[in-house]
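Here's the structure, in C-alpha cells; my notes come after.
The values are calculated or read from the model by the stated rules, or taken from the named source; none is laboratory data. Since this is a predicted model, take the numbers as computed values, not measurements. Every residue, glycine among them, receives a Cβ derived from its backbone with ideal geometry; neighbour counts consider all protein chains shown. Note: areas computed on protein heavy atoms with side chains; ligands, DNA, RNA excluded. Shrake-Rupley method; radii C 1.70, N 1.55, O 1.52, S 1.80 Å.
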Amino acid sequence: MRETRFRTAVRTLLAAMAALGVLLLGIAPAASAATLAEGESGSGETYTIATDTTFAPFEFRDSSGNLTGIDIDIMEAIAEDQGFEVEWQSLGFNAALQAVQSGQADGVIAGMGITDERAEIFDFSEPYFTGTLTLATTEANAEEIAGWEDLGGKTLAVKTGSLSEEEAKAQQEEYGFEITSLDQTTTMVESVKSGSADALMDDYPIIAYGVEQGSGLVTIGEEIPTGDYGFAVNKGQNAELLQKFDAGLAELQESGEYDEIVGTYLGGEDDGVDKSSFWGLIVTALPALLSGLGNTLLVTGISFALAMILGLAFGFMKIASNPVLRGIAVTFISIFRGTPILVWAFFFYFGLPQLIGTPVNIWVAGVMTLTFNGAAYIAEIVRGAVQSVDPGQAEASRSLGLGHGKTMQRVVLPQAFKMMTPSLINQLVIMLKDSSLLLAIGFAELLYQAQQIYAANFRVTEVLLIAALLYFIAITALTQLANYVDRKVNK
Amino acid sequence: MSASAPETPETPGPGNDGGPVTSGTPGTSPGTGRTIGETVVVDVQDLKKSFGDNHVLTGITGQIRERQVVCVIGPSGSGKSTFLRCLNRLEEISGGTVRIGDYDLTDPKVDINKVRRHIGMVFQQFNLFPHMTVAENIMLAPVELGNLSKAEARQRAEELLDRVGLADKADARPASLSGGQKQRVAIARALAMSPQIMLFDEATSALDPEMVGEVLQVIRDLAEEGMTMVLVTHEMGFAREVADRVLFMDGGKIVEAGTPSEIFDNPQQPRLQEFLSKVL
C-alpha cells in the first residue's frame with residue numbers, strides 16, 4: 001500500500017518532468033530555426049520583433065486577446081509585402097529596447113520616437129508616424145484647466161523617459177507646475193482620475209484612443225508636434241531588415257494601405273460590443289484573461305513539480321551528515337530565500353542570455369525563477385517534516401535490520417510527507433500567486449493579460465477585479481483538489 | 001546473564017570496576033528449571049558508553065547463553081537501557097567489545113544491518129509504524145530484506161499474530177489498538193525475522209496496569225519456548241518468576257548479579273538492598 005503511494009508520488013513528479021522535457025524539446029527546434037534564419041537571406045525568413053505591451057493604439061490586445069494596433073498592422077503589412085515572417089515579443093517599452101540590445105529580438109517597433117540619444121544605440125528606419133503630444137485632464141478639471149497657462153502650481157503627470165517628460169521639463173520653468181513621472185499611461189490616467197495629478201501629457205493617439213474607449217478624460221490645449229516614430233534595430237546589425245522595412249513602408253504609403261491602417265485606429269470604428277458596461281467588459285476581456293490563467297496554471301504546475309524534486313534533494317542534503325552537501329543546501333536555500341523573485345526573473349531572462357550568448361525562452365526563464373525560489377522553501381518544509389518524525393520510528397526500523405535508505409523510504413518519508421502536505425499546498429498557492437511577478441519579463445500570465453487590457457481601455461479597477469476573481473477561483477479550486485488528494489493519500 | 005570476568009568465570013564476588021563476577025554455566029537453571037545451552041549468544045567485554053563527558057556505562061562484562069532469560073533491574077539513570085541499546089548498536093559503543101553470535105559489533109567491517117536481523121527489539125513506546133496496518137508492520141522486514149515473498153510474509157504475520165492472540169487484528173491500524181495490543185504487535189514484529197535473541201526495553205512501562213498482564217504473558221510464553229532474552233524491567237515480581245539471572249545495575253555498571261532468589265531474597269550489596277527496599 002505504502003509502496004504504491006510512494007511510487008505514485010514519484011511517478012507524478014516524473015510525469016511532470018517529462019512534460020517539461022517535451023516543452024523543452026518544442027523550444028529547441030524553434031530556437032535552432034531562428035538561429036538558422038539569421039544566416040539565410042531571401043523569403044520566408046522569421047524576425048523576432050519586440051514591442052510594448054500597452055501602448056494603444058500602437059500596440060494592445062483586442063477583445064480576443066490578440067496583439068493588434070497601428071505598429072502591429074504596419075509591421076505585418078510590410079512583412080507580407082516584403083515576404084518575411086514576424087514573431088512578436090510583447091514586452092513593455094524598456095524591456096523591448098533591452099531585448100533588442102541583448103539580441104533577444106531583431107528589431108523594435110513600439111511607438112518609439114526618433115531621438116539623437118537613441119540613434120546612438122539603434123539604427124532607425126524612415127519615420128512611419130509623426131507624433132504629437134497633448135495635455136488631458138478630467139472633465140471636471142477641464143473647467144479650470146484649459147491649457148499650459150492654467151497649470152501654474154498644478155501637478156502634471158508625464159511618462160518616464162519619454163518625449164512627454166522632456167517636453168514638460170522644457171515648459172516647466174515658464175508655467176511653474178510640478179512634474180510627476182510615471183511608468184505607464186494607465187498609471188498617469190489613474191493618478192489624474194484619483195486627483196493625485198491635475199493633468200497629464202502623453203502622445204495624442206494614445207489619449208485620443210483612450211477617450212474613445214471611455215477613459216473619462218478630455219484633451220485640452222493645442223497638440224505639440226514631437227517628432228517622428230521609427231522602427232529600430234541594434235546599431236550596425238540587421239541592416240537587411242531595416243531596408244525591407246523602409247521599402248515596405250514606401251509601398252504601403254503609395255498604395256494607400258498605410259492611411260487605412262491608421263484610420264482604423266484613430267477614426268473611431270465600432271466593433272459592435274458595448275464596452276462601457278461591466279458585462280461588456282467581461283465579455284471582451286475574458287478570452288484573454290482565460291488564456292492568461294492557462295499560462296499561470298501551466299507555469300505554476302511545471303515549476304512546482306520541479307521545485308518538489310529540487311526541494312526534496314536540498315531538504316535531505318541539509319540534514320545530511322556530509323558537511324559539503326549540507327553547505328551546498330544551506331547556500332542554495334539562503335540565496336533563493338534571501339533574494340526577491342523579480343531579481344531572478346530579470347536575471348534568467350535578460351542577464352543569462354548575455355552570459356551564455358544564446359536567447360533564453362521565456363518559459364524556461366519563468367520556470368527557472370519559480371522553481372528555484374519554490375525549491376528553497378520546499379527544502380525547508382522537507383527538512384522540518386523529516387526531523388519531526390519520532391526518532392523511535394527510525395530506531396524501530398533500524399532494529400529490524402533495515403538500512404538507512406530503506407528506513408527513510410518506507411518508514412520516515414511516508415510519515416514526513418503526511419506532515420508536510422499542508423505546508424506544500426500552502427507553498428503551491430504562494431507559487432501560483434508569485435507567478436504573477438513574471439509579467440515583468442512579459443510572460444503572458446493572468447495579471448499580465450489584465451494589464452494589457454486595462455492599458456488599452458483604462459478601466460483598471462474593473463479589470464483587476466475580474467483578474468482577482470479568477471485567481472481566487474483558481475486557488476480555491478486548487479486548494480480543494482489538493483486537500484482531496486491529501487485525504488485520499490494520507491488517510 | 002552471567003556477568004563474568006573471563007579469567008575467573010566461576011567465582012561469585014562483590015562488584016568491582018568490571019562488574020561482579022557471577023556464574024552462568026550451562027545446565028539446569030536454578031531459578032526457572034530451564035535448560036541453559038552451551039552456546040554463548042552475547043559476549044560483552046568491558047563495554048563503555050559515554051555521551052560527551054557523561055559516562056553512562058563504565059565497564060560491563062558478561063555473557064548470555066542460549067535459552068537464558070536475563071532481567072536487568074536498577075534505578076533510573078543507572079544505564080540499563082543504554083546497555084540494552086548497545087547490544088544492537090542503536091547506541092554507538094565507546095569502548096570494549098560486544099559480540100552477538102559470530103559477529104563483533106565493534107568491528108567496523110561488520111554489516112550492522114545483518115546482525116540486527118538476528119536481534120529482535122521491543123521498545124517502551126511500541127514504535128509501531130502508524131502508516132501501516134498491523135500485518136504490514138510485521139511483514140516489512142521479511143519482505144524488504146528479501147527473506148520472504150509478500151504472500152509468505154503475510155502468512156508468517158498471521159501466524160505471529162495468532163501467537164500473541166491478535167489474529168483478528170491483521171488489517172487494523174495501530175492507532176485503533178490498545179496499548180497492550182500495540183505492544184503484542186511490536187513483539188510479533190520483532191519475531192518476524194526469527195531472531196536469536198530478543199531485547200525488551202521496559203516493555204510494560206508505558207502500559208496501563210490492566211494491560212501489563214497480557215504483554216507479560218506473551219513474554220512468559222516466549223521464555224517457555226526457549227527464546228534467549230534480555231529484559232530491562234521494573235516488574236520485580238515478573239523478573240523473579242521468569243529470569244534465570246538478574247543483573248542489578250547502578251552508576252553505569254553491574255553492581256550485583258545472581259539467580260532471582262540470590263538477588264531478591266539475599267541481596268549482598270547495600271545499594272541493591274536499598275533499591276529493593278524502595279521497590280518491593
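Structure values in brief
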{"item": "Neighbouring partner chain Cβ atoms per residue of B:88-96, average, 10 Å criterion", "result": "1"}
{"item": "FRET efficiency for A:Asn322 and B:Asp221, using Cβ-Cβ distance with R0 set to 41 Å, rounded to 0.05", "result": "0.35"}
{"item": "Where N is the number of residues in region B:58-180, Cα Rg divided by 2.2 N^0.38 Å", "result": "1.24"}
{"item": "Delta accessible area of at least 20 Å² on complex formation, residues of region B:135-155, 1.4 Å probe, chain isolated as reference", "result": "B:Glu136, B:Leu140, B:Ala141, B:Glu144, B:Leu145, B:Lys150"}
{"item": "Shape of the protein assembly as shown, Cα gyration tensor, a/c cut at 1.5", "result": "prolate"}
{"item": "Amide N proximity, region B:65-88 versus B:His234 label position 7 Å along Cα-to-Cβ, cut-off under 12 Å", "result": "B:74-77"}
{"item": "Under 5 Å, built H, 5+ apart or other chain: amide partners of B:Ile197", "result": "B:Gly120"}
{"item": "13 Å beta-carbon shell around A:Val460, net charge (K/R +1, D/E -1)", "result": "0"}
{"item": "Neighbouring partner chain Cβ atoms per residue of B:119-132, average, 10 Å criterion", "result": "5"}
{"item": "Table column - 3J(HN,Hα) (Hz), region B:59-76, Karplus curve with 6.51, -1.76, 1.60, x for Gly and Pro", "result": "x, 10, 10, x, 9, 10, 9, 3, 6, 7, 10, 10, 9, 10, 10, x, x, 4"}
{"item": "Sparse-neighbourhood loop sites, GluC sites (Glu not before Pro) in region B:191-280 - DSSP loop, at most 11 other Cβ within 10 angstrom", "result": "B:Glu225"}
{"item": "Residue (of B:Ala172, B:Cys86, B:Met236) at the positive-pole extreme of chain B, dipole from beta-carbon charges", "result": "B:Ala172"}
{"item": "Carbon and sulfur %, accessible surface of chain B computed with the full protein complex present, 1.4 Å", "result": "46 percent"}
{"item": "Potential lengthening between A:Glu126 and A:Ser277 on full extension [0.36 nm per residue; Cα-Cα distance subtracted]", "result": "50.2 nm"}
{"item": "Label-point separation, A:Ala142 to A:Thr479 (7 Å along Cα→Cβ), nm", "result": "4.5 nm"}
{"item": "Solvent-accessible area per residue for region A:414-491 (1.4 angstrom probe, square angstrom)", "result": "43 Å²"}
{"item": "Cα-based shape type of region B:113-232, given that a ≥ b ≥ c are square roots of the gyration tensor eigenvalues and the cut on a/c is 1.5", "result": "oblate"}
{"item": "Label-point separation, B:Lys109 to A:Ala247 (7 Å along Cα→Cβ), nm", "result": "8.3 nm"}
{"item": "For region B:232-248, 3J(HN,Hα) per residue [Karplus equation, 6.51 cos²θ - 1.76 cosθ + 1.60, θ = phi - 60°, Hz, x = Gly/Pro]", "result": "8, 8, 9, 8, 5, x, 5, 4, 4, 6, 9, 7, 7, 9, 10, 10, 9"}
{"item": "Buried area at the B-A interface (accessible, heavy atoms, 1.4 Å probe, summed, Å²)", "result": "2000 Å²"}
{"item": "Rounded to 5, percent antiparallel among DSSP beta bridges of chain B", "result": "60 percent"}
{"item": "Accessible-area composition of chain A, carbon plus sulfur, in percent [1.4 Å probe]", "result": "57 percent"}
{"item": "Region A:98-125 versus region B:198-268: alpha-carbon centroid distance in Å", "result": "88 Å"}
{"item": "Fraction of beta bridges assigned by DSSP in the protein assembly as shown that are antiparallel (%, nearest 5)", "result": "60 percent"}
{"item": "Helix A:257-266 axis, angle to chain A major axis (alpha carbon atoms, nearest 10°)", "result": "80 degrees"}
{"item": "Degrees separating the helix A:446-457 axis from the principal Cα axis of chain A, which is the longest one", "result": "10 degrees"}
{"item": "At least 30 Å² accessible surface lost relative to isolated chain, residues of region A:360-401 (1.4 Å probe)", "result": "A:Gln393, A:Glu395, A:Ala396, A:Arg398, A:Ser399, A:Leu400, A:Gly401"}
{"item": "Contact order relative to length of region A:382-483, as percent, for alpha carbon pairs under 8 angstrom and 6 or more apart", "result": "22 percent"}
{"item": "Nearest-0.05 FRET efficiency for A:Met419 and A:Gln172, computed from C-beta distance (R0 60 Å)", "result": "0.45"}
{"item": "Paramagnetic reach from B:Glu152 in region B:96-137 [backbone N under 18 Å; point 7 Å along Cα→Cβ]", "result": "B:117-118, B:136"}
{"item": "Förster-model FRET efficiency, 56 Å R0, A:Arg337 and B:Asn266, C-beta, rounded to 0.05", "result": "0.25"}
{"item": "Inter-site label distance for A:Gln101 and A:Val330 at 7 Å from Cα along Cβ, in nm", "result": "3.9 nm"}
